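J.: Shown below is the structure under consideration.
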Amino acid sequence: MPSKTNILKAQLRQKIRLKLQRLTAVQKKNKSLKINRKLCRHRAFKTAVKILFYAALPSEADLKESIRAALKQGRQVYLPSIKPKTHQLEVFRIKNLHKDLRPGPFSIMEPKRYRSRRANAAELDLVIVPGLGFTRLGRRLGRGAGYYDRFLARAHRVKKMGVAYREQICAKIPAAAHDVQMDEIITD
């Protein structure tokens, strides 16, 4: 039987998904550009050497501009991959946004393992995290599988930055003991 927290999270996920469905492609593109600008100007981004980004789903802020900027500046750019069988999140370095990626199990672009160097959570400087919802104080509502929470639990001293559209910001999000809080949220 699902816990009260899980029921509340499921209800909140549905509300946020409905908000995201109302956004047009043009609105998402403009919002993503604003988020990329803010991210590239942020002190944590400017000082980080090893940055974990994500490859966006259609409903998420697209960070390709920030990824290109980081690659151009000589930063070490990492993207996540879901490990087959164990369903654990692993991260691999990419050097080229087009050549080093392939579609993953959920049609999300992920690094080609044979072309990439794997990293562990603790060696990263900055982790940019997607989510369905966030509070301004850093609570995160993921999609429910726990991939990022399990990964981030091993990233104790790493700066954790949530990225989302304004429509994804919530007054409060129910939390369980395993939910990892973000240090900061960037939105349009």
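J.: So, in the range 132-145, how many residues would count as being within 20 Å of ARG157 (Cα to Cα), out of contact with any strand residue (DSSP E or B) (no Cβ under 8 Å at 6 or more places or on another chain) and either buried (at least 18 other Cβ atoms within 10 Å of the Cβ) or among the hydroxyl-bearing types (Ser, Thr, Tyr) (or both)?
T.: 1
J.: Which residue is nearest to ALA61 (Cα to Cα), if the candidates are limited to the range 124-149 and must be basic (Lys, Arg) and part of a loop (DSSP other than H, G, I, E, B)?
T.: ARG143
J.: Given the condition assigned to a loop (DSSP other than H, G, I, E, B) and either at positive phi or surrounded by fewer than 13 Cβ atoms within 10 Å (Cβ to Cβ) (or both), answer yes or no: does some residue in the range 54-62 qualify?
T.: Yes: one or more hits.
J.: Pull out all pairs, ordered by first then second residue, where Cβ-Cβ is under 7 Å, the residues are six or more apart or on different chains, the first lies in the range 105-131 and is surrounded by 16 or more Cβ atoms within 10 Å (Cβ to Cβ), and the second is hydroxyl-bearing (Ser, Thr, Tyr).
T.: GLU110/SER81; PRO111/SER81; ALA119/TYR78; LEU124/TYR78; ILE128/TYR54; VAL129/TYR148; PRO130/TYR54
J.: Please find, among LYS9, LYS38, LYS46, the residue that is touching a residue at least 60 places away in the same chain (Cβ under 8 Å), of a type in the set (Lys, Arg) and over 26 Å from ALA176 (Cβ atoms).
T.: Sole residue among the options that is touching a residue at least 60 places away in the same chain (Cβ under 8 Å), of a type in the set (Lys, Arg) and over 26 Å from ALA176 (Cβ atoms): LYS38.
J.: With the requirement that a residue be of a type outside the set (Val, Ile, Thr) and closer than 21 Å to ALA153 by Cβ, what does the range 85-108 give you?
T.: Within the range 85-108, LYS85, HIS87, GLN88, LEU89, GLU90, PHE92 qualify.
Every number in this text was worked out from the coordinates using simple rules, so none of it is lab data. Quick caveat: nothing in here was measured; it's all calculated off a predicted structure. Using ideal geometry, Cβ is built from the backbone for each residue, glycine included, and neighbour counts are taken over all protein chains shown.
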